[in-house]
Structure formats: structure tokens, C-alpha cells
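Peer 1: My questions will all concern the structure given below.
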Amino acid sequence: MEEKELLDKARQGNKHCLNFLLQNNYQMLYGFLIKLTGDKDLAEDLVQDTLLKASLNITKFRGESKFSSYLIKIGINTHKNYLRKNKIRTEHDDFEFKTSYDMEDDLINHIRFKEALNHLNNMSYEKRISFILKHYYGYSIEEISEILKVSEGTTKSRIHNTIKKLRELLS
């Protein structure tokens, strides 16, 4: 079944279709929230809250964007609410990475990736989200602009400035 069909049936109350959509997007949403927060446990909590909100409000989803975009919007808002409620800024925990390179290359890649994530985590929330959506999830400038409710020029500028700053910090 196509995503549109699943969404139509889910909006009509078909719990099997809704569950299928949520399961198909779980890993993507979890990965996004780990990259956004830098905290596996917090990301898991946010995923659960996001999926619950999406389930409860499935009839409000108009289907004008991909379902994954809808989940990311909810995830971003859930994270913003968490930050506001707790008046904190999250820190990075250790990550486990798996690659097919030898141990030395694996270690170098792990250190560079972790360093990049740490720098990214220190940038503004808007720049971080724009960069992650573009470079980790392949969203278009148009889709990112729609998710964040900003102009395409603003999105392009945020991504460009983030890349420029990361290059500067990592060189």
C-alpha cells in the first residue's frame, strides 16, 4: 500500500495502518532526534512523545507533505517544549558507531564525526535543524523551509553558514 492510502485509512481510524506508518518512520525519527539532542535517552523519550502526539492528532494531518516531515515537525516542537520546560541546553553523550573500515580508520572517523556533532550542537537551534534535515535526511530546501516555516532563502543561508562554520572549525 502507498503512504497516501495508509494515511487515508489511518485518518479513518484504522489502527493497523497507523501503527505501520509509525513503525516505518520510527528509526528515522529516532536518528533525527539523537542528532538533534545528542542524548540517546532523551531522544527515546521525545520519540515516544512525538509518536503519541502524531497518533492522537492523525486526523489533523492534511497530507500536504510526507508523513516523515509531519513527524519531524512534531519532534522539533516536542524538543523545543522540553527545552523550554526544563530551561536547559542538552550536552552530547558518547555514541556508538559501526563502520566497515579497519580499527584506525574507524577511530579517526568516530572522533571526526563526534567532533562535528559537538560543533553542530553548539550552533543555533535553527542552523542545527536545517543542517541535519538537509545533510542527514536529504530533505530539499523547500521541504525544510515548510517544516520550519521560514523562507527558502533563510534555509539556504542557515545551511550555507553552518557548513562554512563547520569547515572552519574542523580544519
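The values are calculated or read from the model by the stated rules, or taken from the named source; none is laboratory data. None of the values given here were measured: they were computed from a predicted structure. Here Cβ is always computed from backbone atoms with ideal geometry, including for glycine, and neighbour counts include all displayed protein chains. These area figures cover heavy atoms from the full protein model, side chains too; ligands, DNA and RNA do not enter into them. Shrake-Rupley method; radii C 1.70, N 1.55, O 1.52, S 1.80 Å.
Peer 1: In the stretch 1-45, how many are in a helix (DSSP H, G or I) and under 19 Å from residue 136 (Cα atoms)?
Peer 2: Adding up the residues that qualify gives 17.
Peer 1: Here's something else I'd like to know. Within the stretch 57-80, restricting attention to residues that are polar (S, T, N, Q) and part of a helix (DSSP H, G or I), which residue is farthest from residue 45 (Cα to Cα)?
Peer 2: Step by step, filter the stretch 57-80, then rank; the result is 59.
Peer 1: Six or more apart or on different chains, Cβ under 7 Å: which pairs go from a residue in the stretch 155-171 that's touching a residue at least 40 places away in the same chain (Cβ under 8 Å) to one that's open to solvent by 60 Å² or more (accessible area, probe 1.4 Å) and not aliphatic (A, V, I, L, M)? Could you list them?
Peer 2: Correct list of pairs: 162/127; 170/115.
Peer 1: Only one residue in 19, 57, 14 is open to solvent by 20 Å² or more (accessible area, probe 1.4 Å) and within 25 Å of residue 145 (Cα to Cα), so which one is that?
Peer 2: Matching residue, one of 19, 57, 14: 57.
Peer 1: Sticking with this one: For the condition modelled with pLDDT of 85 or more, under 30 Å from residue 13 (Cβ atoms) and either in contact with a helix residue (DSSP H, G or I) (Cβ under 6 Å, 6 or more places away or on another chain) or open to solvent by 80 Å² or more (accessible area, probe 1.4 Å) (or both), what is the one hit in 78, 155, 162?
Peer 2: 78
Peer 1: Name the one entry in 146, 126 that is touching a Leu at 6+ places or on another chain (Cβ under 9 Å), of a type in the set (D, E, K, R) and open to solvent by 40 Å² or more (accessible area, probe 1.4 Å).
Peer 2: One residue alone meets the criteria, 126.
Peer 1: A follow-up question, please. Scan the stretch 25-40 and tell me whether some residue there is without any contact (Cβ under 8 Å) to a residue 60 or more places away in the chain, of a type in the set (Val, Ile, Thr), touching a Leu at 6+ places or on another chain (Cβ under 6 Å) and open to solvent by less than 40 Å² (accessible area, probe 1.4 Å).
Peer 2: No, the stretch 25-40 contains no residue that is without any contact (Cβ under 8 Å) to a residue 60 or more places away in the chain, of a type in the set (Val, Ile, Thr), touching a Leu at 6+ places or on another chain (Cβ under 6 Å) and open to solvent by less than 40 Å² (accessible area, probe 1.4 Å).
Peer 1: OK, next. Within the stretch 45-54, is there a residue that is over 25 Å from residue 84 (Cβ atoms), open to solvent by less than 40 Å² (accessible area, probe 1.4 Å), free of Cβ contacts under 8 Å to residues at least 60 places away in the same chain and out of contact with any Cys (no Cβ under 7 Å at 6 or more places or on another chain)?
Peer 2: No; the residues of the stretch 45-54 include none that is over 25 Å from residue 84 (Cβ atoms), open to solvent by less than 40 Å² (accessible area, probe 1.4 Å), free of Cβ contacts under 8 Å to residues at least 60 places away in the same chain and out of contact with any Cys (no Cβ under 7 Å at 6 or more places or on another chain).
Peer 1: Let me ask another. So for the stretch 142-149 (the condition being in contact with a Gly (Cβ under 9 Å, 6 or more places away or on another chain) and either closer than 17 Å to residue 80 by Cα or part of a helix (DSSP H, G or I) (or both)), does at least one residue qualify?
Peer 2: Yes, the stretch 142-149 contains at least one residue that is in contact with a Gly (Cβ under 9 Å, 6 or more places away or on another chain) and either closer than 17 Å to residue 80 by Cα or part of a helix (DSSP H, G or I) (or both).
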